[in-house]
Amino acid sequence: MAKKEDKFKKVIAHAKEYGYIFGSSEIYDGLSAIYDYGHNGAELKKNIREYWWKSMVQMHQNIVGLDASIFMHPTTWKASGHVDAFNDPLIDNKDSKKRYRADVLIEDHAEKILQKAQKEITKAAKRFGESFDEEQFKTTNPRVVKYLTSHREILSRMGKSLENEDLADVKALIEELEISCPESGSKNWTEVKQFNLMFGTKLGASANTATQLYLRPETAQGIFVNFLNVQKTGRMRIPFGIAQTGKAFRNEIVARQFIFRMREFEQMEMQFFVRPGEEMKYYEYWKNERLKWHQSLGLGLENYRFHDHDKLAHYANAAADIEFNFPFGFKELEGIHSRTDFDLKAHEEYSGKKLQYFDPELKESYTPYVVETSIGLDRMFLAVFSKSLVDETLEDGSERTVLKLPAVLAPVKAAILPLVKKDGLPELATQIVDDLKWSFNTVYDEKDAVGRRYRRQDANGTPFCITVDHQSLEDQTVTLRDRDTMQQVRMPISEIKKAIEEKIDFKTWLSKN
Ligand code: GAP
């Protein structure tokens, strides 16, 4: 089995075993692409949400929060374009009866070609050593030039066909590239059809009078319809932003890859309202800011890359993804979109209400332009969790599985372990728990030998272990063990809280970049 698949399976199994993620309503065999978060998962998710919220709202005087409802007036979705244009191009394989997103099939094919180019580049870099000029190699090596051109041309043609709604050409491209069904290997495809992704429901008791509603497919529209409410009550001046986190729902047809693509998921979105004409400046600014946020978590600079969209959504004039190196390769983690004035103008048109801003400096009213940053909380969870899970061989030849979660995000910050279950050590350990629990999450563990307890906490992602031993009774000191280095230092009990707080502090992490 391929190494990547092995790693991904391990991630899924570990998430379940340590109470991070369960399949939803598992006792009834679950629901596809819907998941529940366990005791550790709920904490990790909350900490990621908070890390985002603080960096957006607390750290910016000109960004405020919002918590809009999931249900919105149905005209919202007509105005936003979701009723007419929130579709995925689907294709069925006639032999396997499996359904795929046509654009994903093509993108996966293009990615394989890119990987071939990357392999040649890596090989050459090894061969030439220090003197290797990657840029020159990319433009002169015939094989690499061929791969890179082909990759570019495929994505550009697909982008154009989708933008022009030319679904026949999308199918033609699949056939020309000889893309086969990943399940059966068959190339016997149906036509490509559009499929709307919104979940519908009804409001009202009687079938005749009930109103058709939708579960929101993005949180952003709650921000747009509240734009003036927030601007006026918060006395906000452009440029300013509104941030929101919350559930979104999409009837994903090809829901797979665990929590990467779910039907019910959570988004963390921020709409930044700017003067028309200034949107590209802020688009670049937010691309840069968001990348810095990701990199502050220390998951490895090499695991991020930008991908500029060839196919723009119906509302955007520029868009880029921050892609992350998931266990199954580089995929979209976050989108940064320049949404123009599309949404506010559309809501003005459909509601008949003005959604304009009077700019006191320019002394004129206008519909602001919007730059959006949008990240899936669950997808961020997967990025952090999968990159943190490592198997290590230690100096003595033994193995350990360790979940090296960034300490600022870890569900439990410290485990307090009495060396033995007697001699007053549990009592002292309990006192330490009672003191520390006011500041952060702790866990008390007295079961098994201390070495096994360390391994358990390593696999659980707990960054610190505090061990209470007989010396602790004599001089009120304990050892503090670091999960990643496994180094232990002895220190007074009175200094433990400060030592841990420094390592889990939001400022320590976010200000790294
Ligand atoms: N408001 C813009 C918007 O919703 P999007 O690119 O469709 O844009 C933004 O979604 C982010 O939401 C994505 O980058 C991804 O992280 C997350 N996301 C989208 N669909 C998802 C799904 N089915 N499951 C999990 N996360 C998803």
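The values are calculated or read from the model by the stated rules, or taken from the named source; none is laboratory data. Source: prediction; values computed, not measured. Virtual Cβ from ideal backbone geometry, glycine too; neighbours counted across all protein chains shown. For the accessible areas, the whole protein counts, side chains as well, though only heavy atoms, and no ligand, DNA or RNA atoms are used. Shrake-Rupley method; radii C 1.70, N 1.55, O 1.52, S 1.80 Å.
How about region 106-120: which of its residues are open to solvent by less than 90 Å² (accessible area, probe 1.4 Å) and in contact with a helix residue (DSSP H, G or I) (Cβ under 6 Å, 6 or more places away or on another chain)? Even if it seems obvious, please write down each step before you answer.
Going through region 106-120, the residues open to solvent by less than 90 Å² (accessible area, probe 1.4 Å) turn out to be 106-111, 113-115, 117-118, 120.
Hits for region 106-120 are Ile106, Ala110, Ile113, Leu114, Ala117, Glu120.
Of all the residues that make up region 259-277, how many are open to solvent by 30 Å² or more (accessible area, probe 1.4 Å), outside any strand (DSSP E or B) and within 9 Å of the ligand (Cβ to nearest atom)?
Adding up the residues that qualify gives 2.
Considering (1) free of Cβ contacts under 8 Å to residues at least 24 places away in the same chain; (2) away from the ligand (no atom under 16 Å from the Cβ), say which one Leu355 fails and leave the rest.
(1)
Given region 118-235, what helices (runs of 4 or more DSSP H) lie entirely inside it while holding 2 or more residues that are out of contact with any Lys or Arg (no Cβ under 9 Å at 6 or more places or on another chain), at pLDDT below 95 and closer than 30 Å to Ala313 by Cβ?
Details: elements: 134-140, 142-163, 167-176, 220-225, 227-233.
In region 118-235, 142-163 are the helices (runs of 4 or more DSSP H) which contain 2 or more residues that are out of contact with any Lys or Arg (no Cβ under 9 Å at 6 or more places or on another chain), at pLDDT below 95 and closer than 30 Å to Ala313 by Cβ.
Would it be correct to say that Ser439 is of a type in the set (Gly, Ala, Ser), at pLDDT below 95, open to solvent by less than 80 Å² (accessible area, probe 1.4 Å) and under 22 Å from Tyr51 (Cβ atoms)? Spell out how you get there, then give the answer.
Working: of a type in the set (Gly, Ala, Ser): yes; at pLDDT below 95: no; open to solvent by less than 80 Å² (accessible area, probe 1.4 Å): yes; under 22 Å from Tyr51 (Cβ atoms): yes.
Taking the combined requirement at face value, the residue does not satisfy it.
Does region 318-327 contain at least one residue that is among the polar types (S, T, N, Q) and more than 16 Å from the ligand (Cβ to nearest atom)? Give the derivation first.
Looking only at region 318-327, we keep the residues that are among the polar types (S, T, N, Q), and these are 325.
Now drop any that are not more than 16 Å from the ligand (Cβ to nearest atom), which leaves none.
No, region 318-327 contains no residue that is among the polar types (S, T, N, Q) and more than 16 Å from the ligand (Cβ to nearest atom).
Out of all the residues in region 2-15, is one or more modelled with pLDDT under 95 and among the aromatic types (Phe, Trp, Tyr)?
Yes, because at least one residue in region 2-15 is modelled with pLDDT under 95 and among the aromatic types (Phe, Trp, Tyr).
Scan region 279-287 and tell me whether some residue there is outside any loop (DSSP other than H, G, I, E, B), within 11 Å of the ligand (Cβ to nearest atom) and touching a residue at least 24 places away in the same chain (Cβ under 8 Å).
Pass one, region 279-287, residues outside any loop (DSSP other than H, G, I, E, B): 279-287.
Add one more test, that the residue is within 11 Å of the ligand (Cβ to nearest atom), and what stays is none.
No, the conditions are met nowhere in region 279-287.
Test Val192 against the criterion of being touching a Pro at 6+ places or on another chain (Cβ under 7 Å) and crowded, with 17+ Cβ neighbours inside 10 Å, and give yes or no. Break it down stepwise before answering.
Details: touching a Pro at 6+ places or on another chain (Cβ under 7 Å): yes; crowded, with 17+ Cβ neighbours inside 10 Å: yes.
For Val192, the condition - touching a Pro at 6+ places or on another chain (Cβ under 7 Å) and crowded, with 17+ Cβ neighbours inside 10 Å - is met.
Taking the condition assigned by TED's automatic domain parsing to the domain that holds Arg261 and closer than 30 Å to Tyr214 by Cβ, does Val64 pass?
Working: assigned by TED's automatic domain parsing to the domain that holds Arg261: yes; closer than 30 Å to Tyr214 by Cβ: yes.
For Val64, the condition - assigned by TED's automatic domain parsing to the domain that holds Arg261 and closer than 30 Å to Tyr214 by Cβ - is met.
Filter region 289-298 down to the residues that are open to solvent by 10 Å² or more (accessible area, probe 1.4 Å) and of a type in the set (S, T, N, Q) and list them by number.
Gln295
For every residue, the table says whether it meets (1) under 25 Å from Gly23 (Cα atoms); (2) at pLDDT 95 or above; (3) of a type in the set (A, V, I, L, M, F, W, C); (4) within 16 Å of the ligand (Cβ to nearest atom).
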| position | (1), (2), (3), (4) |
| --- | --- |
| Lys387 | yes, yes, no, yes |
| Ser398 | no, no, no, no |
| Ala414 | no, yes, yes, no |
| Pro418 | no, yes, no, no |
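Identify the residue in region 195-211 that is open to solvent by less than 60 Å² (accessible area, probe 1.4 Å) and of a type in the set (S, T, N, Q) and, among all such residues, is farthest from Ala243 (Cα to Cα).
Restricting to residues being open to solvent by less than 60 Å² (accessible area, probe 1.4 Å) and of a type in the set (S, T, N, Q), the top hit is Ser206.
Please enumerate the residues belonging to region 299-341 that are closer than 18 Å to Met280 by Cα, open to solvent by 50 Å² or more (accessible area, probe 1.4 Å) and in a strand (DSSP E or B).
Phe306, His307, Asp308
Specify the residue that is nearest to the ligand (Cβ to nearest atom); the eligible residues are those in region 212-258 that are open to solvent by 20 Å² or more (accessible area, probe 1.4 Å) and of a type in the set (Gly, Ala, Ser).
In this case the residue turns out to be Ala255.
Scanning region 453-473 for residues that are part of a helix (DSSP H, G or I) and more than 25 Å from Ala42 (Cα to Cα), which turns out least open to solvent (accessible area, probe 1.4 Å)?
Let us first name the residues in region 453-473 that are part of a helix (DSSP H, G or I), namely 453-460, 470-473.
Retained after the next criterion (residues that are more than 25 Å from Ala42 (Cα to Cα)): 470-473.
Working: His470: 81, Gln471: 76, Ser472: 0, Leu473: 78 Å².
Among those that are part of a helix (DSSP H, G or I) and more than 25 Å from Ala42 (Cα to Cα), it is Ser472.
For region 72-103: of the residues being under 28 Å from the mean Cα position of the chain (by Cα) and polar (S, T, N, Q), which is surrounded by the most Cβ atoms within 10 Å (Cβ to Cβ)?
Ser80
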